[in-house]
Amino acid sequence: MPAPITVPLFCAASAAQGLDLPALLRSVVDSQRYMLGPRVQAFEEAFAAYVGVRHAIGVANGTDALELALRGLGLGPGQRVLTVANAGFYASTAIRAVGAEPVYAEIDDAMLTLAPAVLAEALAGQRLHAVVVTHMYGQLADMPAIAAQCKAAGVPLIEDCAQAHGARRDGRQAGAWGDIGCFSFYPTKNLGALGDGGALVTTDDALAARLRALRQYGWGTKYEVVHEGGRNSRLDELQAAVLEAKLPLLDEANARRRAIAARYGAAFAGLPLQAPLAQGEDYVAHLYVVRSTQREALRAHLSAQGIASDVHYPLPDHRQPVVADACAGVRLPLTEAACAQVLSLPCFLGMTDSQVEQVISVVADFHERVA
Ligand SMILES: Cc1ncc(COP(=O)(O)O)c(C=O)c1O
């Protein structure tokens, strides 16, 4: 049997991109600056320029970025935040952490992101205090429509870009459409650190100043707490150094992921699988997710051939045990059907063409056997 296909270790993937991680880390260790120092500032400036916004604020992880975004916009108890329910409970965690209530909206069945028609109905029919739109699997949601609707309704829009670093439409990047964009730099992300990391991006100067304060206890100046709801959520210098070194390689890495996705898309065209729609710059193939009515059997077949796969995510947010009682009346048939069928196939930097062909032939072989 050929060698197993699994995501490579972080250091191996970075070396393949030409990065000398040990030397980089040594330089940070020797600098004697470890938190919110010059490396963080340099990365924040580079990342803001890359996304095309005025400010980037480094924080400890992507979930904190979402929570701080909500806090920065003044969201709290008694307020209602619309989001989708197929996005791994990350936005739900943040919304619940500030004491607000998640309001779950149905997805677009083909894109698997927030459906603009559903958003329009929700904005017309109920009081909403914010919207979190998630660019699932690296697919930019329908942002021209969603951003316009939120603006017209006067409802703040937060983008969850944790899976969509570098996705863009009409030259406008994920994170540059809403009031705030939130990123995770978890190691497996398209832009990944060597541990946890995250960032908020915005073009609003006052909001940026508030978010900077909120990530560090709510300090206005050192030891003076002027903002309610402050946290300790800092990005460290080691992570910032890794991220700054990897940022210039992001577009090329996204292009490689997209090429893998395009090859899969062409090969799977005749099979009973629903493959991702987009192959343009609005899709950065963070995950290559197909839908199959025979998901478990297909997974078992892949696994028997040494091919790792995963399910992102098997349980919709409103069916998670912690909220299942409170959400018993929530019905989202498209979301629920998607969660029962989605399957993530290998799609990562460092994957060789022959590994891609191997996955294709095992998927094809499965469908021949069950035909
Ligand atoms: C869509 C999405 N949002 C938010 C997060 C949370 O990021 P973190 O794990 O850095 O807290 C993730 C992480 O997997 C994610 O995929």
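Data for the structure
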item: Unique residue being touching a helix residue (DSSP H, G or I) at 6+ places or on another chain (Cβ under 9 Å) and open to solvent by 10 Å² or more (accessible area, probe 1.4 Å) when the list is 298, 247, 334; result: 247
item: Pair list, Cβ < 7 Å and 6+ apart or interchain, from the range 277-289 residues that are closer than 21 Å to residue 175 by Cβ to residues that are buried (at least 22 other Cβ atoms within 10 Å of the Cβ) and polar (S, T, N, Q); result: 278/139; 282/139; 283/139; 284/190; 284/254; 286/163; 286/190; 287/163
item: Residues (touching a residue at least 12 places away in the same chain (Cβ under 8 Å) and open to solvent by 30 Å² or more (accessible area, probe 1.4 Å)) located in the range 343-352; result: 349, 350
item: Residue count, the range 195-225 (criterion: in a loop (DSSP other than H, G, I, E, B) and either over 17 Å from residue 47 (Cα atoms) or more than 16 Å from the ligand (Cβ to nearest atom) (or both)); result: 8
item: Residue selected from the range 45-92 under the condition in a strand (DSSP E or B), among the hydrophobic types (A, V, I, L, M, F, W, C) and within 26 Å of residue 119 (Cα to Cα), by the criterion farthest from the ligand (Cβ to nearest atom); result: 82
item: Search result, residues across the range 152-187 that are more than 15 Å from residue 81 (Cα to Cα), away from the ligand (no atom under 13 Å from the Cβ) and either part of a loop (DSSP other than H, G, I, E, B) or more than 18 Å from the chain's Cα centre (by Cα) (or both); result: 152, 166, 170, 171, 176, 177
item: Counted residues, the range 250-294 - those being hydroxyl-bearing (Ser, Thr, Tyr) and open to solvent by 50 Å² or more (accessible area, probe 1.4 Å); result: 1
item: Residue 103 vs. criteria touching a strand residue (DSSP E or B) at 6+ places or on another chain (Cβ under 6 Å) and under 27 Å from residue 317 (Cβ atoms); result: yes
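The values are calculated or read from the model by the stated rules, or taken from the named source; none is laboratory data. Computed from a prediction, not measured in an experiment: that's the story for all the values here. Quick reminder, even Gly has a Cβ in these numbers, built from the backbone with ideal geometry, and neighbours come from all protein chains shown. Remember, those area values only see protein heavy atoms, side chains included, never the ligands or the DNA or RNA. Shrake-Rupley method; radii C 1.70, N 1.55, O 1.52, S 1.80 Å.
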